[in-house]
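Every read-out reported here was derived from the displayed coordinates using simple, explicitly stated rules and does not represent laboratory data. On a predicted model such as this, the values are computed, not experimentally measured, just so you know. Cβ placement follows ideal geometry from the backbone for every residue including glycine, while neighbour counts extend to all protein chains displayed.
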Amino acid sequence: MRRALAGLTTRGRSFVAAGATAIVCAVVLGERDLLRAGVLVLVLPLLCMLAVSRTRYRLACARRLEPARLPVGHEARVDLRLENVSRLPSGVLMVEDRVPYALGGRARFVLERIEPHGSRQLGYRIRSDVRGRYRAGPLTVRLADPFGMVELVRSFSLSDTLTVTPAIVPLPHGRLSGAWTGGGDSVARAVSAAGEDDVAPREYRHGDDLRRVHWRSTARHGELMVRREEQHFQSSGTLFLDTRRGVHWGEGLSGSFEQAVSATASIGVHLVRTGMTLRYVTDAGEALPAAPSEGAFEGLLLDALAVTHRSRGRSLAAGLAALRGPHAGGRGGREGDGLVVAVFGTLSAEDAREVAAARHGAGTSVAVLV
């Protein structure tokens, strides 16, 4: 009953106030007709309140969001299924799914009637031009009487999470060398890269089978070389993003920070899809270590970039230290021996010197200035 009292609409409260006022005036003036009218006006919202409060609709809701991750400017679809699991038909239902204004605002529907054990399918589309993580739902159902005196709101607990990733720009194909993981040493890598007889020899080690000696490579390198067992090599590298607030200009989608985030996402997706193992580092340090599979890292990277914000840091020291760390060459790579692609804002002369000093080893380093 308390919920019903709280659910009185403006019309219902007006009727209650008017009825109570008419009754008081009728008592003071001794007007029986006014008293009858006041009682009628007061009883009507109370009867509506009683009827709505005794409503026992049993509704079940199922929902699906497809896709759950998408780039900015693309659309996702939300499908809702509302089922009446009671033995009684429902009345008029006003259904509303809570959606942030960044996704287009709330979705509202009016269902006239759901038969017993029947269901209704609802759907709508959402899109966002701003990256981030958004919550769609939960679904709320409003129960109202025919006179608009009382309105009760019942909410479900289920909701969906939509991740809007930065804009991804297709990049042209090209070769950028990184560190190689999967075993072996520098001489064997050089021989393997030469592609001689499609063999990847390595130096002889005590206990190796002499039947695996590769005589042509032995003669070329002046030391005993053996055929290597078939191994899978994978290039590795590091993706760096400068998130410091003071080095980026502009606000919103046209600002340099959003362009830097988009560039980082585009480069990362491109390199991962070419088979490279990456890790993600910011000016605050390592944000994402290398993942065992390219699909896993791509998803983790896009999720991280979707919620990346400008930091209050002023120094690149922590991020550059992560570049020089023991994992700088990837899994199994040597320190500093890997591809590094760094996306910066405006670099001061001191920042530029620190970045240049951080580069060492045989790996390729690429700086992108936004």
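To the nearest whole percent, what portion of all C-alpha pairs in segment 22-70 is separated by more than 15 angstrom?
Considering segment 22-70, 67 percent of its Cα-Cα pairs are separated by more than 15 Å.
Give me the tail of P(r) for segment 1-143 as a percent: Cα-Cα pairs with distance above 21 Å.
Every Cα pair in segment 1-143 considered, those over 21 Å come to 60 percent.
Please list, ordered by chain and number, the residues whose modelled amide H lies under 5 Å from the amide H of GLY313; skip anything fewer than 5 residues away on the same chain.
It is ARG245, by chain and number.
Taking H placed 1.01 Å from N in the peptide plane, check which residues at least 5 places from GLY285 or on another chain put their amide H under 5 Å from its amide H.
For GLY285, the qualifying residues are GLY319.
Relative contact order (percent) for segment 88-133, with alpha-carbon contacts under 8 angstrom and 6 or more residues of separation?
The normalised contact order for segment 88-133 reaches 39 percent.
Each residue of segment 68-78 in turn: what ³J(HN,Hα) in whole Hz from Karplus with 6.51, -1.76, 1.60 and θ = phi - 60°, glycine and Pro shown as x?
Working through the residues one at a time gives 8, 9, 7, x, 4, x, 9, 9, 10, 10, 10 Hz.
Rank by packing, highest mean first: peptides 258-271, 95-108, with packing defined as the count of other Cβ atoms within 10 Å averaged across residues.
My ranking of the peptides, most packed first, is 258-271, 95-108.
Compute the convex hull volume of the Cα atoms of segment 59-165, divide it by the residue count, and report the result per residue in Å³ as a whole number.
88 Å³
Taking amide H positions as placed 1.01 Å from N in the peptide plane, with prolines and chain starts having none, which residues 5 or more places from THR9, or on another chain, fall under 5 Å of its amide H?
VAL150, GLU151
Report the net charge of residues surrounding THR243, where surrounding means a beta-carbon distance below 12 angstrom and charges are Lys +1, Arg +1, Asp -1, Glu -1.
Residues near THR243 contribute +2 overall.
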